[in-house]
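Report on the following structure.
The values are calculated or read from the model by the stated rules, or taken from the named source; none is laboratory data. Quantities reported herein were computed from a predicted structural model and do not represent experimental measurements. When we count neighbours, we look across all protein chains shown, and the Cβ atoms used for this are built from the backbone with ideal geometry, even at glycine.
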Amino acid sequence: MQTDKVIDYIVNWLKDYCDQAGMNGFVVGVSGGIDSAVTSTLCAKTGKAVIVLNMHIYQNATHVDLARQHITWLESQFSIVNGKSIDLTGSFQSLEKTLPSEIQDELTMANTRARLRMMTLYAFAGHYKMLVAGTGNKVEDFGVGFFTKYGDGGVDLLPIADLMKSEVYEVARYLGVIDGIIEAKPTDGLWDDSRSDEDQIGASYGELEWAMRVEETSGDGNLSDRQKEVLAIYRSFNKANRHKMAPLPVAVIPVELK
């Protein structure tokens, strides 16, 4: 990959989209992870105003600290960046008290956290006339659908969604993202413990990239047992989450009925 040219392409794409939309800049939620670090840095390189939000809910202290470190680094590199830390735990606790207990299973409440963050991002975006930049990569957004519908999937544009996870790391290193974020295990930060994305999915991003390429090329012959297992994991997630990745279905009324 021609990393410098890819970066320039995305930055110019962001700038042009923002100009055409008549907006003032970008809002990005930063989690202490590689994807949000790269996305927020690319947005900052446009020269447009950028608000970066560290929104914690019962968050692992390590993730909160990495997000803070990234914001500090980003503000030191770009004068147009404004970082804010918002503790949404109280708001989430209100939802815990309000929602019926029978629907508060672990996954439902994890997704509720993501949707609360989305609401916060759009509160800032609407007030300051900005665009919410999504942080999903290609494997997450178009491979396994590893995002919350109308949570971290509720965004205005996707700057890095055509980059594989390995390519996101390559861009991060080129941009100078802090080592702590590059070295940290990928996690969605939606749980009280420190479970990683790999813990939840059952395969690493490297393995998922391989599976995604196999599906694109139909080259699934002579596989090891682990490769068969990974391919099955990929296919299972892809099938289950296809509703997230496809456009919303529309009930098109036949002309003769109108």
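Some observations on this one:
- Residue satisfying condition, being at pLDDT 95 or above and not β-branched (Val, Ile, Thr), within set ALA110, ALA37: ALA37
- Test: residue in segment 213-234 that is under 30 Å from LEU116 (Cα atoms) and basic (Lys, Arg): no
- Residues of segment 192-223 classified as in a helix (DSSP H, G or I), more than 19 Å from the chain's Cα centre (by Cα), over 16 Å from SER236 (Cβ atoms) and not polar (S, T, N, Q), total: 2
- Qualifying residue in segment 88-102 (condition: closer than 28 Å to LYS48 by Cβ and surrounded by 14 or more Cβ atoms within 10 Å (Cβ to Cβ)): yes
- Among the candidates LEU74, LEU121, LEU107, residue that is of a type in the set (A, V, I, L, M), within 19 Å of ILE181 (Cβ to Cβ) and under 20 Å from the mean Cα position of the chain (by Cα): LEU74
- Pairs where the first residue, in segment 171-183, is within 12 Å of HIS70 (Cα to Cα) and the second is surrounded by 16 or more Cβ atoms within 10 Å (Cβ to Cβ) and aromatic (Phe, Trp, Tyr), C-beta under 7 Å, 6+ apart: ILE178/TRP73; ILE182/TYR169
- Some residue of segment 18-26 being closer than 21 Å to GLU170 by Cβ, not in a helix (DSSP H, G or I) and not basic (Lys, Arg): no
- From the list ILE80, ILE57, ILE34, the one residue that fits, being β-branched (Val, Ile, Thr), in contact (Cβ under 8 Å) with a residue 24 or more places away in the chain and in contact with a strand residue (DSSP E or B) (Cβ under 7 Å, 6 or more places away or on another chain), is ILE80.
- Evaluation of ASP179 against the conditions (1) acidic (Asp, Glu); (2) surrounded by 12 or more Cβ atoms within 10 Å (Cβ to Cβ); (3) within 30 Å of ALA44 (Cβ to Cβ) shows that the sole unmet condition is (2).
- Selection within segment 156-177 - outside any helix (DSSP H, G or I) and out of contact with any Leu (no Cβ under 8 Å at 6 or more places or on another chain): LEU158, ALA161, ASP162, LEU163, MET164, GLY176, VAL177
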